[in-house]
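A.B. asks: Dropping the structure in here first, questions after.
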Amino acid sequence: MRPRTDAPRLPRDFFDRDVHAVARDLLGAHVSHAGVTVRITEVEAYGGVGDPGAHAFRGRTPRNAVLFERPGSLYVYFTYGMHFCSNLVAGPHGQGAAVLLRGAEVVDGEDLARVRRDAPGKPPVPARDLARGPARLAVSLGLSRPHNGLDTVAPDCPVRVAGRHADPDVPVRTGPRVGVTGPGGDGDSYPWRYWLEGEPTVSAYRPGVLRTRRTQP
DNA sequence: CTCCAGATATACT
DNA sequence: GTATATCTGGAGC
């Protein structure tokens, strides 16, 4: 499938809506950066202050400050000591809500994505795994710390978000978020994960796990 | 498929 | 000071 280069960049109004509406509509959208374009197949909604799974749960901190910037801003954070994940800020300005980009299909610039994803001396990554998973997606697009805070609705922004899910024959499915431990202790009570049915690039579901202590051996 | 170690910025006590 | 994290790749079933 050839990416539509004529699709308009999504405007501020698109992101300035309920975060769940934004999440659903981002499915099928194209995100382009540094020579690679992906088509989003899986996302998660994070509700801002008060959502126990969200980085904004306890309010604004230096790390999550971008979540409280204008909708359409790109929130890239570092986690697990080695991975970057990317979100698009959604909802009213200052609410702290965002949509995590969890899975995508590389539709252009696959060679470049492969340079970023393939490890030297190891078998090549299967095409469907290039951007399957939030950290893999960020690697394929070449997103990391310097891109945190970019305003993707600006015409000159190097990160371009365009198009949206428009195929009524492909249903949107929902389920619990990945890696989030809910208030009850096990699992996430919010079905705020959205994906396109039948897509091979949707990441495998892994329930949130409480890690066992492993300090002093 | 499931289990598990890895490496470190961040936020909380 | 210390527990945790919007995860991944490799090992073993």
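The values are calculated or read from the model by the stated rules, or taken from the named source; none is laboratory data. All of these numbers come straight from a predicted model, not from anything done at the bench. Backbone-built Cβ (ideal geometry, glycine too); neighbour counts: all protein chains shown.
A.B. asks: Looking only at region A:72-116, count how many residues are touching a Cys at 6+ places or on another chain (Cβ under 9 Å), within 15 Å of DNA strand B (Cβ to nearest atom) and hydrophobic (A, V, I, L, M, F, W, C).
C.D. replies: Of the residues in that region, 2 qualify.
A.B. asks: Please enumerate the residues belonging to region A:68-88 that are under 18 Å from A:Trp192 (Cα atoms) and either among the charged types (D, E, K, R) or near DNA strand C (Cβ under 10 Å from one of its atoms) (or both).
C.D. replies: Quick first cut of region A:68-88, residues under 18 Å from A:Trp192 (Cα atoms) only: A:85-88.
A:Cys85, A:Ser86, A:Asn87 - these are the residues of region A:68-88 that are under 18 Å from A:Trp192 (Cα atoms) and either among the charged types (D, E, K, R) or near DNA strand C (Cβ under 10 Å from one of its atoms) (or both).
A.B. asks: Oh, and also: Scan region A:161-178 and report the pairs whose first residue is closer than 22 Å to A:Ala90 by Cβ and within 16 Å of DNA strand C (Cβ to nearest atom) and whose second residue is at pLDDT below 90 and hydroxyl-bearing (Ser, Thr, Tyr), with Cβ atoms within less than 9 Å and a gap of 6+ or a chain change.
C.D. replies: If the second residue must be at pLDDT below 90 and hydroxyl-bearing (Ser, Thr, Tyr), the pairs left are A:Gly175/A:Tyr205; A:Pro176/A:Ser189; A:Pro176/A:Tyr190; A:Pro176/A:Tyr205; A:Arg177/A:Tyr190; A:Val178/A:Ser203; A:Val178/A:Tyr205.
A.B. asks: Within region A:48-71, is even one residue among the small types (Gly, Ala, Ser) and more than 16 Å from DNA strand B (Cβ to nearest atom)? Spell out the reasoning first.
C.D. replies: Our first condition is that a residue be among the small types (Gly, Ala, Ser); within region A:48-71, this holds for A:48, A:50, A:53-54, A:56, A:59, A:65.
Retained after the next criterion (residues that are more than 16 Å from DNA strand B (Cβ to nearest atom)): none.
Scanning region A:48-71, I find no residue that is among the small types (Gly, Ala, Ser) and more than 16 Å from DNA strand B (Cβ to nearest atom), so the answer is no.
A.B. asks: Within region A:5-49, how many residues turn out to be among the aromatic types (Phe, Trp, Tyr) and closer than 14 Å to A:Gly72 by Cβ? Explain how you work it out, then say what you get.
C.D. replies: Quick first cut of region A:5-49, residues among the aromatic types (Phe, Trp, Tyr) only: A:14-15, A:46.
Now narrow it down to the ones that are closer than 14 Å to A:Gly72 by Cβ: A:14-15.
Matching residues across region A:5-49 total 2.
A.B. asks: Determine which single condition A:Gln95 fails, assuming it passes every other condition in (1) under 24 Å from A:Thr174 (Cα atoms); (2) buried (at least 24 other Cβ atoms within 10 Å of the Cβ); (3) in contact with a helix residue (DSSP H, G or I) (Cβ under 9 Å, 6 or more places away or on another chain).
C.D. replies: All conditions are met except number (2).
A.B. asks: Restrict the check to region A:36-50 and report whether at least one residue is surrounded by fewer than 24 Cβ atoms within 10 Å (Cβ to Cβ) and acidic (Asp, Glu).
C.D. replies: Scanning region A:36-50, I find no residue that is surrounded by fewer than 24 Cβ atoms within 10 Å (Cβ to Cβ) and acidic (Asp, Glu), so the answer is no.
A.B. asks: What are the residue pairs meeting all of these: first residue in region A:192-217, first residue more than 20 Å from A:Val38 (Cβ to Cβ) and at pLDDT 90 or above, second residue near DNA strand C (Cβ under 8 Å from one of its atoms) and not in a loop (DSSP other than H, G, I, E, B), Cβ atoms under 8 Å, and 6 or more apart or on different chains?
C.D. replies: So the pair list comes out as A:Trp192/A:Glu44; A:Trp192/A:Tyr46.
A.B. asks: If you go through region A:31-65 one residue at a time, how many are farther than 21 Å from A:Ala21 by Cβ, near DNA strand C (Cβ under 10 Å from one of its atoms) and in contact (Cβ under 8 Å) with a residue 40 or more places away in the chain?
C.D. replies: 1
A.B. asks: If you don't mind, another one. Given (1) of a type outside the set (A, V, I, L, M, F, W, C); (2) within 7 Å of DNA strand C (Cβ to nearest atom); (3) in contact with a Ser or Thr (Cβ under 9 Å, 6 or more places away or on another chain), where does A:Lys122 come up short, assuming only one miss?
C.D. replies: Of everything listed in (1) of a type outside the set (A, V, I, L, M, F, W, C); (2) within 7 Å of DNA strand C (Cβ to nearest atom); (3) in contact with a Ser or Thr (Cβ under 9 Å, 6 or more places away or on another chain), A:Lys122 misses just condition (3).
A.B. asks: Is region A:97-114 home to any residue that is touching a residue at least 24 places away in the same chain (Cβ under 8 Å), within 10 Å of DNA strand C (Cβ to nearest atom), more than 13 Å from the chain's Cα centre (by Cα) and not in a strand (DSSP E or B)?
C.D. replies: No; the residues of region A:97-114 include none that is touching a residue at least 24 places away in the same chain (Cβ under 8 Å), within 10 Å of DNA strand C (Cβ to nearest atom), more than 13 Å from the chain's Cα centre (by Cα) and not in a strand (DSSP E or B).
A.B. asks: Might you let me know whether region A:135-154 holds any residue that is modelled with pLDDT of 95 or more and acidic (Asp, Glu)?
C.D. replies: Initial filter on region A:135-154 (modelled with pLDDT of 95 or more): A:135-154.
Subset that is acidic (Asp, Glu): A:151.
Yes.
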